[in-house]
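Let me begin by presenting the structure, written as structure tokens, before commenting on it.
The values are calculated or read from the model by the stated rules, or taken from the named source; none is laboratory data. Note that the structure is a prediction, hence the values are computed from the model and not measured. Positions of Cβ are generated from backbone atoms using ideal geometry, with glycine treated the same way; all protein chains shown enter the neighbour counts.
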Amino acid sequence: MEDIVAVRIEDRTNGKFFLLTWGRIFDRIDPKPLLDAIENNLTKYGISNVSKITLCESLQDAAAHKFFYETFFLMAQKLIPFGKKKYPKWRAQIKKRILKGEEIYWLR
């Protein structure tokens, strides 16, 4: 999984959506914990009839959506700290924010 990932959400009522968020936060390989965290917060955004949520193979899958590049650029400006002291703390903070429904960037 990459540092920044695209997620596709299909809702029976509202159609198809894409979002960008941080990969490798819950698990470096398995996307399920990340997708579960996102799905648990979808009702906050008025999405309650989800039929499918998947990790996109590439950011290119979401690149055609309005404000994709602006959103990607915004995320890319946020530095991911390196090192045994700084990275775990940053990762824990981002994980808490995703669990609260934050650090999820919608493309509509």
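Quick grid of which residues meet (1) under 16 Å from Trp22 (Cβ atoms); (2) of a type in the set (Asp, Glu):
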site	(1), (2)
Asn41	yes, no
Lys44	no, no
Ser51	no, no
Glu57	no, yes
Asp61	no, yes
Thr71	yes, no
Gln77	yes, no
Lys84	no, no
Condition check: at pLDDT below 95 and acidic (Asp, Glu). Does Glu2 satisfy that? yes
Over region 56-108, the set of residues assigned to a loop (DSSP other than H, G, I, E, B), touching a residue at least 60 places away in the same chain (Cβ under 8 Å) and surrounded by fewer than 16 Cβ atoms within 10 Å (Cβ to Cβ) is Ile80, Gly101, Arg108
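Return yes when Ile47 is of a type in the set (A, V, I, L, M, F, W, C), surrounded by 11 or more Cβ atoms within 10 Å (Cβ to Cβ), out of contact with any helix residue (DSSP H, G or I) (no Cβ under 8 Å at 6 or more places or on another chain) and in a loop (DSSP other than H, G, I, E, B) and no when it is not.
So Ile47 fits the description; yes.
State which residue is nearest to Glu70 (Cα to Cα) when the search covers only region 19-31 and only residues that are surrounded by 12 or more Cβ atoms within 10 Å (Cβ to Cβ) and out of contact with any Phe, Trp or Tyr (no Cβ under 8 Å at 6 or more places or on another chain).
Trp22
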TODO: Take Lys52 and decide whether it is exposed (fewer than 12 other Cβ atoms within 10 Å of the Cβ) and assigned to a strand (DSSP E or B).
DONE: yes
Of the listed residues (Asp36, Asp27), the one being among the acidic types (Asp, Glu) and more than 12 Å from the chain's Cα centre (by Cα) is Asp27
Taking region 17-42 and keeping residues over 28 Å from Phe82 (Cα atoms), in a strand (DSSP E or B) and at pLDDT 95 or above leaves Phe18
